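Since the structure comes first, as structure tokens, the remarks are kept for the end.
Laboratory data are not the source of any read-out in this text; all were calculated from the coordinates shown. Quantities reported herein were computed from a predicted structural model and do not represent experimental measurements. All Cβ positions, glycine included, derive from the backbone under ideal geometry; neighbour counts span all protein chains shown.
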Amino acid sequence: MSPAAVRAHGPGPDALVPGTVDPTADPQAGPEEAAGGPIPAPVIDAVIPARDEAATVAQVVAACRGCRYVRDVIVVDDGSSDATAEEARSAGARVVRLDGEGSKAHAMRAGVAATDAGALLFADADLLGVTGAHLDAICLPFVEGRAVMSIGWFDYGPWNPVVLRLPPTTGERVLPRWVFEAVSPDQLKGYTIEFMINKVIAERGLATTARIMNGVTHRTKRDKFGKLEGYRRTWRMFWQLLGLPIRGVVRWRSYLHYLQALTVEKA
């Protein structure tokens, strides 16, 4: 795969490693010249896993539909007991319904299975303040070929410089389809799915860009479940994440590989 194709679509599992030079490509040429002709833009579909997010899912769907790079928006209703599906459908999303006790990872997998897009923009359904412009900014480095994965973080104010260099737990990210499909089925578990995606990217040394989504926050678990239950669920989530390197599921050095290939972009 030539660097031009990498720029257009993101590399596949057998692509050239970063820094590899294609002797047939003109280093001064743009993507179209280097490839000898126009390269179609990657097809990106948005996948939004959601459970009981009727209060915010329509806003997130509207933002995804407002993203200039997104073709279709798929909301995976993961067994909601509220009007999540109705709100998503009314906002213009295609809805996939899952019944029973699932997980975020399995909802994401169902969304991927519902599309033939070569690239995926994942977004959480509980975002506040997100717009199409925020998602445009996340997608741009991927579309231009400057990153194989591009992520957006919530706005944490003075903590933003620190947050941008943490192992990314954010659900807002765009990446090639093959990256998600490279996560083995036994690793599709709950909130750890973002770390499993990170592992695929980091262990291949693939380029990532990160930026702050100015003004974007989310409904916390305390907002959804009350203070006591919200804190309990939050601690359970972070305990699952912290357990990954402790159990050897994710290697500590993967984080170093991630940092080496990370570019922080100004919002």
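Of note:
- Modelled spin labels at Leu228 and Asn160, positioned 7 Å past Cα toward Cβ, are 3.8 nm from each other.
- Rg/Rh (Cα only; Kirkwood hydrodynamic radius) as it applies to region 63-179: 0.96
- If you take all other residues with their beta carbon under 11 Å from the beta carbon of Asp72, and give Lys and Arg +1 and Asp and Glu -1, the sum is +1.
- Compactness of region 73-117 as Cα Rg over 2.2 N^0.38 Å, two decimals: 1.08
- Per residue, the average separation of C-alpha pairs within less than 8 Å and at least 6 apart gives region 41-264 a relative contact order of 20 percent.
- Full extension of the chain between Ser81 and Arg68 yields a length gain of 1.5 nm, computed as 0.36 nm times the residue separation minus the alpha carbon distance.
- Overall form of region 41-264 per C-alpha gyration tensor (a/c, 1.5; a/b vs b/c): rounded
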